[in-house]
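Working notes, structure below.
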Amino acid sequence: MKTYFLIGNPNTGKSTLFNALTGMNQKIANYPGVTVEKKEGFLLHGREKIKLIDLPGTYSLIPGSIDEEIAVTSLSTEDPSHGVICIADATNLQQNLFLTTQIIDAGLPVILIINMIDEAEKQNLTINRDLLSQELGIPIFFTSAQKKHGISTVKNFLTTDELKAPKPLLPRFGVAPRITSALNEIATLLSQEIGPSAQQAHALRILSRDDELADYKLPLRSRLIAKRTALQQQLSHEGVLWNGCDSNVRHQWIDGICRKTCAQPKTLHHRWQDKIDDVATHKWWGPTIFIAIMGILFQALFRWSEYPMAAIEAMLSWMSQNATAILPPGPIASLIADGAIPGVGAVFLFIPQIAFLFFMISLLEDTGYMSRAAFVMDRFMGKFGLPGKAFIPLISSFACAIPGIMATRTIESRRDRIVTMMIAPLMSCSARLPVYTLLIAACIPAITFGGFIGLQGLIMWGLYTLGIVSAITVAFILKRTLLSTPSLPSFIEFPPYRLPQLSLVLKKTYERVKLFIINAGTIIFALSIILWFLTTYPRGDGIESSFAGYLGKIIEPLIAPLGFDWKIGVGLIASFAAREVFVSTMAIIYKLGDAGTSDSLMQALKHDAAFTPMVAISLLVFYVLACQCMSTVAVVKRETNTWRWPIFMVGYMTSLAYIAAFVVYQGGRMFGW
Amino acid sequence: MELTSLSHLRPGDKGTVQTINGTGLFFTRLRTLGLCENSHVELLREAPFGGPLQIQLSGKNSIAVPRQEAGHILLRRV
């Protein structure tokens, strides 16, 4: 089957084009080792079927982030011999042609799709397609993917024609002779790995760079670096400018081509966009708007998702009751009603919140606002040694650390990225909420100060604040100790404001929810079954004589200084894998069976003398700080590609939780509380 | 005429890039985005509290660069 690769700058409508070409015939997986989504789709046209691979957006073949690195290495490790589809934004053609000419010089067959042609027409931009096609030596198509214009012509072409590799453009750039001789020296090193047609282009890119060339494999990389450094020193000595020898000549050449083929009016950027930016990034209005938007996001997360969550809860408890009623009593009925259904429930209960969060984040991303938020927050985050971009993953972590950690991939510096991952689970995620709600409602008296500030609400606010303050402190310490080298500078892109497409936003939301169900769901479900087993067997007088009760009693001396008894011990053991399991475990311990009705559990805790307000606060502090989430650990392992960081995370968070709970409980006792 | 660094521009000021003194991947990437010798830039905005600088590159791309790195970019005012 023919396979084409789709590549282009960010914000060119690449996803929209990919959807328009493939329809619903897509599958999304992850690239091995990283959580960059690998999107594959099939283009069906008549009897023909061809495969399309959507690469992450990139500005050039010199990668600057993980996303870009994957786009670039995919072109060299997979087989792009059938062809590359390059997509460009018609309203920003000159910049977009940079990548196109690099791909032409890489010796790959390529077609260029100039998208958003309707917007260009609105701005009175004209492009002489035939002349441009002749100059670049590749077929060019005009599309407006959002309106589905020009798609069928592209489909026709892709399914019927065979693409040929165009002539490289590099010889026409007029590279200085001194540089050319240096390029030949680098090219000889490449002759083993790279085909003759692409060697010069590779050499030009290598000579223009002074970084570690992470996109080349060892041992070639070290030989290239040695050669390159020697050549650069020599050139500098002779007074020849080598940095940017790729980008400068390329931009210059493209500039000439665009003068010939494009006509554009003088003013380029939109006035209304500037007006919005003036407000959105204003010294005072900027942060105000940002905080207001985050407020709405939280409202959506906690208030609006209450109703679907309540519905799911009711449905699960109905299912549980019916399973007990229908099935003959015995281990099977117990497994289904007390193990499987609450297990599935623990997964499904969080779907409304995760869906809401991703819907809002995708919406904000697609409007272009997110980068303005990063810009406004940059200085604030910089105080803790983190880039402005880290704000978004951290905010996401209030719903769930898993998507938050996945969202760190936009941070270029690996060290900053790891720091962000390490502190993300300290943000109080939605899985902690059931624990917070239960313990506060059951153990904290409903006192009101001054008529309107409730103690219960105050404690809830305190728990969120504790998480945030701890995260900031840990980031501060990590940046000065383990991850201390100066972080790499990075820039923030400002995509133009656009009206988001609901279908794309919904699709993204759906994909992320699916990923959560698969990633976290399987682990939580499996653990629920194990827990059911531990709490049910050996059969006898309830949980106290079960395996779980036994384990709880073993750890009791260890947790007694925190004010916890063996019952809480069982809850902690159960929560090690997923903290929300605490509630259902307590329900089982108090022989309530049904995990759905938290009201009865609240009553049971209220009447248990062991649950004093001090114990509850100590336990709450523990839950704020402890890393009780196997899925988070698994995601960190996959993102960092090592066990070192997930183990470090579990270690420091557990110690922090233990120490903090100890201090709170013992301190409280000293005051006689 | 004297050269000024990008970090000394005020919002609305424009210039032509003369020299880029920085090294590393960051500056290589800026170059691919068109911020190279002889290109035009305009300082659009400064982030609150001494944060990064938003600049308009020739073409439609607009990016924000840290103040410190902006200091390595020398230009001639237009």
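The values are calculated or read from the model by the stated rules, or taken from the named source; none is laboratory data. Here the structure is a predicted model, which is why all the values come from computation and not from measurement. All Cβ positions, even for glycine, are placed from backbone atoms using ideal geometry, and neighbour counts span all protein chains on display. SASA here: full protein model, heavy atoms, side chains in, ligands and nucleic acids out. Shrake-Rupley method; radii C 1.70, N 1.55, O 1.52, S 1.80 Å.
Numbers below:
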read-out: A:Y4 long-range amide H proximity, modeled H, under 5 Å; value: A:K51, A:L52, A:I53
read-out: Trypsin sites (Lys or Arg not before Pro) within the range A:63-164, DSSP loop, no more than 13 other Cβ atoms inside 10 Å; value: A:K148, A:K164
read-out: Selection from A:F375, A:L482, A:S396 lying farthest towards where the dipole of the range A:375-493 points positive, charges on Cβ; value: A:L482
read-out: Whole-Hz couplings from phi, Karplus 6.51/-1.76/1.60, listed for the range A:619-633; x for Gly and Pro; value: 5, 4, 4, 4, 5, 5, 9, 7, 8, 9, 7, 4, 5, 4, 4
read-out: Residue range of chain A that is longest and free of GluC sites (Glu not before Pro) which are both DSSP loop and sparsely packed (at most 15 other C-beta within 10 Å); value: A:213-673
read-out: Shielded residues, the range B:13-32 - accessible-area loss of 40 Å² or more between chain alone and all protein chains, probe 1.4 Å; value: B:L25, B:F26, B:T28, B:R29, B:R31, B:T32
read-out: Partner aspartates and glutamates for A:K606 [C-alpha distance under 17 Å; skip if fewer than 8 residues away on the same chain]; value: A:D565
read-out: Cα-based Rg / Dmax (Å) for the range A:173-263; value: 14.1, 47
read-out: Complex-versus-alone comparison for the range B:48-62, residues with a loss of 20 Å² or more in accessible area, probe 1.4 Å; value: B:P48, B:F49, B:P52, B:Q54, B:Q56, B:G59, B:K60, B:N61, B:S62
read-out: List A:D215, A:D255, ordered by accessible area with a 1.4 Å probe, largest first; value: A:D255, A:D215
read-out: The range B:4-66: mean projected area of Cα convex hull, nm²; value: 4.1
read-out: Accessible area buried, both sides summed, chains A and B with 1.4 Å probe, Å²; value: 3300
read-out: Net charge of neighbours whose Cβ lies under 10 Å from the Cβ of A:E639, counting Lys and Arg as +1 and Asp and Glu as -1; value: +4
read-out: Magnitude of the charge dipole, the range A:1-112, Cβ model with Lys/Arg +1 and Asp/Glu -1, debye to 20; value: 440
read-out: Cross-link pairs beyond the 29 Å C-alpha cut-off, checked among A:K283/A:K389; A:K38/B:K14; A:K14/B:K14; A:K260/B:K60; value: A:K38/B:K14; A:K14/B:K14
read-out: Cα-based shape type of the protein assembly as shown, given that a ≥ b ≥ c are square roots of the gyration tensor eigenvalues and the cut on a/c is 1.5; value: prolate
read-out: Most positive-pole-ward Cα, A:G41, A:H149, A:T640, against dipole of the protein assembly as shown from beta carbon charges; value: A:H149
read-out: Only Lys, Arg (+1) and Asp, Glu (-1) charged, at Cβ; the protein assembly as shown dipole about Cα centre in debye; value: 760
read-out: Cα point-scatterer Debye curve for the range A:3-160, base-10 log of I(q)/I(0) at q = 0.09, 0.12, 0.13, 0.20 Å⁻¹; value: -0.26, -0.47, -0.56, -1.40
read-out: Backbone HN-Hα couplings from phi across the range A:67-76 [Karplus 6.51/-1.76/1.60, Hz, Gly and Pro as x]; value: 4, 5, 4, 5, 4, 6, 6, 4, 5, 9
read-out: Leading residue at positive end of dipole, the range A:3-160 (Cβ point charges), from A:T101, A:T159, A:T58; value: A:T159
read-out: Chain B, dipole about Cα centre (Lys/Arg Cβ +1, Asp/Glu Cβ -1), debye to the nearest 20; value: 140
read-out: Angle between chain A longest axis and helix A:502-516 axis [Cα atoms, degrees, rounded to 10]; value: 50
read-out: Accessible carbon and sulfur surface of the protein assembly as shown relative to its total accessible area, %, 1.4 Å; value: 63
read-out: For chain A, share of DSSP beta bridges that run antiparallel, in % to the nearest 5; value: 50
read-out: Relative contact order [Cα under 8 Å, 6+ residues apart], chain A, whole percent; value: 11
read-out: 222 nm mean residue ellipticity, helices alone, for chain B (DSSP H n ≥ 4; -39,500 (n - 2.57); rounded to 500); value: -3500 deg cm²/dmol
read-out: Restricting the range A:352-454 to chymotrypsin sites (Phe, Trp or Tyr not before Pro) in coil, as DSSP defines it, with at most 11 other Cβ within 10 Å; value: A:F452
read-out: Helix-only mean residue ellipticity at 222 nm for chain A, each DSSP H run of n ≥ 4 adding -39500 (n - 2.57), per residue, nearest 500; value: -18500 deg cm²/dmol
read-out: Å² of accessible area per residue within the protein assembly as shown, as computed with a 1.4 Å probe and no ligands counted; value: 43
